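What follows is one structure encoded as structure tokens, with my remarks underneath.
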């Protein structure tokens, strides 16, 4: 084999080594960046979950201290539990949050409530207050239980 061909093959080998080294370096950076992004996402999700658990506990405490309407607390707790621990909604004593939600979800809220006929709103309020009275003990028991529940 001529010497000039050997030098060309050596040069091609060095170029191949350089290209592969660059590929490995870029791939390593990409994997490292993906791991950082994944870690940030996991940390965000963990913080978000902890914030939702804290909100559930605050709502439960507000129920225990009669600082919030039971129907509103049930709607909010049910919505948070849907994200944190949806299986709890089908277990006693937490089932009452789902039951109340199902019974009052058709009622207008916020802007829709303001745009609804006042007689209808009063009728819905009476219905809602009757449901709150009917389930008051169960809601308080569920609030106490959820406040002490270990979500981990």
Checking residue 77 against (1) within 14 Å of residue 135 (Cα to Cα); (2) modelled with pLDDT of 95 or more, only one condition comes out false. Which one?
(1)
Taking residue 121 and the conditions (1) surrounded by fewer than 17 Cβ atoms within 10 Å (Cβ to Cβ); (2) part of a helix (DSSP H, G or I); (3) modelled with pLDDT of 95 or more; (4) touching a helix residue (DSSP H, G or I) at 6+ places or on another chain (Cβ under 9 Å), which numbered condition does it fall short on, given that it satisfies the others?
(3)
Could you identify the single residue in 41, 111 that is modelled with pLDDT of 95 or more, loosely packed, with under 11 Cβ neighbours inside 10 Å and in a helix (DSSP H, G or I)?
41
Just to be sure, is residue 131 touching a helix residue (DSSP H, G or I) at 6+ places or on another chain (Cβ under 7 Å), at pLDDT 95 or above and part of a helix (DSSP H, G or I)?
no
Output for region 54-104, where each listed residue is in a loop (DSSP other than H, G, I, E, B) and surrounded by 14 or more Cβ atoms within 10 Å (Cβ to Cβ)
68, 69, 85, 93, 94
Picking from 84, 63, 19, 68, which residue would you name as being under 30 Å from residue 132 (Cα atoms) and without any contact (Cβ under 8 Å) to a residue 60 or more places away in the chain?
68
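The values are calculated or read from the model by the stated rules, or taken from the named source; none is laboratory data. Given the structure is predicted, the values throughout are model-derived calculations rather than measurements. So basically every Cβ, Gly included, is an ideal-geometry build from the backbone, and we count neighbours across all protein chains shown.
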